[in-house]
Amino acid sequence: MKRLIFSLFTAAAVLSGGLVFAATAADEVTVTDAYARAVPPGQPNSASFMLLSNASTTAHAVVAAESSVSKVSELHTHTMSEGMMKMRQVERIEIPASGMTRLEPGGLHVMLIGLNHDLQPGDEVAITLTFEDGSKRGITAPVRMLQMKKMQQDMGGMEHGRMSQ
Ligand SMILES: [Cu+2]
């Protein structure tokens, strides 16, 4: 009997350990297609994009980002306001249960503010995402040249809109 109790206890400990591990958002969210926008010297800001996939039955959210190349990293989205595309900071980027959220030019992105250096195609940007439960995930985003139209959207459609008025 003693032995049975002992093994039940062991099984429970292993099981609960496994559940704690599985419940971490960083373990349940997969990050693919990560990249950062190439910018010429003198350009202070850039952005990173990626696909966040949540295989679990619990919704998760990214609540913060840090990067190796910028002083500040913020979570941003774009919204249309009076015919102009504007960027604004968001507190969290939701990833629905069994769903995906795509960060892409003209939409959600990780804004890299105050670059330490220019970003050339072929460079890599290390980004750490923090999830709602405090768990973190490090990703590597290769730097890519984006098409001009998308770049303009992302680099401040608001300013372009003002200039054309
Ligand atoms: Cu932004």
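The values are calculated or read from the model by the stated rules, or taken from the named source; none is laboratory data. Since this is a predicted model, take the numbers as computed values, not measurements. Note that each Cβ is placed from the backbone with ideal geometry, even for glycine, and that neighbours are counted across all protein chains shown. For accessibility, only protein heavy atoms count, side chains too; no ligands or nucleic acids. Shrake-Rupley method; radii C 1.70, N 1.55, O 1.52, S 1.80 Å.
Would you please name the residue that is least open to solvent (accessible area, probe 1.4 Å), looking only at residues in the range 77-98 that are within 19 Å of Asn54 (Cα to Cα) and more than 15 Å from the chain's Cα centre (by Cα)?
Ala97
I'd like the residue in the range 38-71 that is more than 22 Å from Ala23 (Cβ to Cβ) and in contact with a Pro (Cβ under 8 Å, 6 or more places away or on another chain) and, out of all such residues, is nearest to the ligand (Cβ to nearest atom).
Ala47
Is the range 109-132 home to any residue that is within 16 Å of the ligand (Cβ to nearest atom) and not in a strand (DSSP E or B)?
Checking the range 109-132: not a single residue is within 16 Å of the ligand (Cβ to nearest atom) and not in a strand (DSSP E or B).
Identify, please: which residue in the range 44-70 is in a loop (DSSP other than H, G, I, E, B) and among the aliphatic types (A, V, I, L, M) and is, among those, most open to solvent (accessible area, probe 1.4 Å)?
Checking each candidate, the answer is Ala55.
Could you list, in sequence order, all residues of the range 142-165 that are more than 14 Å from the ligand (Cβ to nearest atom), in contact with a strand residue (DSSP E or B) (Cβ under 7 Å, 6 or more places away or on another chain) and at pLDDT below 95?
Within the range 142-165, Gly161 is the sole residue that qualifies.
Kindly indicate whether Lys86 is at pLDDT 95 or above, farther than 20 Å from Asp33 by Cα and assigned to a strand (DSSP E or B).
No.
Among the candidates Glu104, Glu74, single out the residue that is within 16 Å of the ligand (Cβ to nearest atom), within 23 Å of Ala26 (Cα to Cα), under 10 Å from the mean Cα position of the chain (by Cα) and open to solvent by 20 Å² or more (accessible area, probe 1.4 Å).
When all the criteria are applied, what remains is Glu74.
Looking at (1) in contact with a Leu (Cβ under 9 Å, 6 or more places away or on another chain); (2) within 13 Å of the ligand (Cβ to nearest atom); (3) modelled with pLDDT of 95 or more, which one does Ile139 not meet, given that it meets all the others?
(2) is the only condition that Ile139 fails.
Which condition from (1) touching a helix residue (DSSP H, G or I) at 6+ places or on another chain (Cβ under 7 Å); (2) within 15 Å of the ligand (Cβ to nearest atom) is the one that Val90 breaks?
Result: Val90 fails condition (1) only.
Quick one: what pairs do we get from the range 14-33, first residue under 14 Å from Thr58 (Cβ atoms), second at pLDDT below 55, C-beta under 7 Å, 6+ apart or different chains?
From the range 14-33, the pairs are Asp27/Phe21.
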